[in-house]
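Written out below as structure tokens is the structure these notes cover.
The values are calculated or read from the model by the stated rules, or taken from the named source; none is laboratory data. Predicted model only: the values in this text are computed from it and were never measured. Counting neighbours? That spans all protein chains shown, and the Cβs are built from the backbone with ideal geometry, glycine included.
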Amino acid sequence: MTNPAVLAMLHTVPGLIKDMEALASEVVPGIRVLHYVDESLLQDTIARGTTPEHVRRRLVDYARYAEESGAQALLVSCSSIGEAATAAEDFVSIPVLRIDTPMAGLAVESGARIGVLATLSATLGPTTRLVRDSAQRRNKKPEITARIVDGAFQALRAGDRSMHDSLVLAAFTELAAECDVIVLAQASMARVIEHTQGQPEGPLVLASPDSGMSQLSTHFPSQDS
């Protein structure tokens, strides 16, 4: 009898939980998801402009807690703390997965001019470095243009999703002329993709939730047997 699939997810934005669990269930039907939510991980990272040491220590604690709770993997849904997630894997025997790793690989495989769009500098750096690392592993040297969408995060934090999306779309339109591929660095930007479809001559647009969940298929056995 196959043990049930158990995935732990660590979120810094509570509003993503429902959609993330639905995506995970599509990839691994019947999966049980344990959700950990800690908004302070992102808040402290934003305040410092980089991932502080105490946040890195807490990532290790969450990874250990996920392992002790029977999860076969921990998926970190926040790109801003992705590098700390990678480091936490050294302290546990289960995979600690970044939501944006598959997206970075797909970007490198899909174009020579890659744009990285973020609403936070704390996210732009880690995502850009992830794309560069993915390119190095593939012996590729893409041109990478990284850009912050000024004011968008503040609008989202204030509850003005319309303003957030408008600012992201404006920055996207400007960047689209320079790139073959545009990476949306944060999961909260994913819905903007809906407004960029139907442009056959435009760049490929990538967001982390869908591609990020695809990696689950390599870490969990089929639940059909």
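Of all residues being closer than 22 Å to Val55 by Cβ and β-branched (Val, Ile, Thr) in segment 1-27, which is modelled with the lowest pLDDT? Just the residue, please.
Val13
Within the set of pairs 6 or more residues apart or between chains, which connect a residue that is closer than 23 Å to Leu167 by Cα inside segment 102-129 to a residue that is aromatic (Phe, Trp, Tyr) with Cβ atoms less than 8 Å apart?
Here the result reads Leu117/Phe172; Thr119/Phe153; Leu120/Phe153, each pair linking segment 102-129 to a residue that is aromatic (Phe, Trp, Tyr).
For Gly105, work out the one condition from (1) within 21 Å of Met20 (Cβ to Cβ); (2) surrounded by fewer than 21 Cβ atoms within 10 Å (Cβ to Cβ); (3) touching a His at 6+ places or on another chain (Cβ under 8 Å) it doesn't fulfil.
For Gly105, the exception is condition (3).
Scan segment 1-24 and report the pairs whose first residue is surrounded by fewer than 16 Cβ atoms within 10 Å (Cβ to Cβ) and whose second residue is in a helix (DSSP H, G or I) and of a type in the set (Lys, Arg), with Cβ atoms within less than 8 Å and a gap of 6+ or a chain change.
Within 8 Å, no pair qualifies.
Consider Asp160 carefully, then state whether it is surrounded by fewer than 20 Cβ atoms within 10 Å (Cβ to Cβ) and closer than 18 Å to Val116 by Cβ.
no
Based on this model, can you work out whether Val96 counts as buried (at least 17 other Cβ atoms within 10 Å of the Cβ) and touching a Pro at 6+ places or on another chain (Cβ under 8 Å)?
Here the answer is no, as Val96 does not meet what is asked.
For segment 164-175, does any single residue satisfy the condition of being surrounded by fewer than 21 Cβ atoms within 10 Å (Cβ to Cβ), touching a His at 6+ places or on another chain (Cβ under 9 Å) and either among the hydrophobic types (A, V, I, L, M, F, W, C) or under 17 Å from Pro209 (Cβ atoms) (or both)?
yes
Has segment 63-70 got at least one residue that is out of contact with any Cys (no Cβ under 6 Å at 6 or more places or on another chain), under 28 Å from Phe153 (Cα atoms) and crowded, with 22+ Cβ neighbours inside 10 Å?
Yes, some residue in segment 63-70 is out of contact with any Cys (no Cβ under 6 Å at 6 or more places or on another chain), under 28 Å from Phe153 (Cα atoms) and crowded, with 22+ Cβ neighbours inside 10 Å.
Return the pair list, or none, for Cβ contacts closer than 7 Å from residues in segment 134-157 that are closer than 11 Å to Arg113 by Cα to residues that are among the hydrophobic types (A, V, I, L, M, F, W, C) and surrounded by fewer than 17 Cβ atoms within 10 Å (Cβ to Cβ), at least 6 apart or on different chains.
Pro142/Ala112; Glu143/Ala112
Can you tell me how many residues within segment 28-76 are part of a loop (DSSP other than H, G, I, E, B), modelled with pLDDT under 95 and closer than 14 Å to His11 by Cβ?
Here the count works out to 0.
Each row is one residue, and each column tells you yes or no for (1) within 26 Å of Met20 (Cα to Cα); (2) touching a strand residue (DSSP E or B) at 6+ places or on another chain (Cβ under 9 Å); (3) surrounded by fewer than 17 Cβ atoms within 10 Å (Cβ to Cβ); (4) not aliphatic (A, V, I, L, M).
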site	(1), (2), (3), (4)
Ile114	yes, yes, no, no
Thr119	yes, yes, no, yes
Pro142	no, yes, no, yes
Thr145	no, yes, yes, yes
Phe153	yes, yes, no, yes
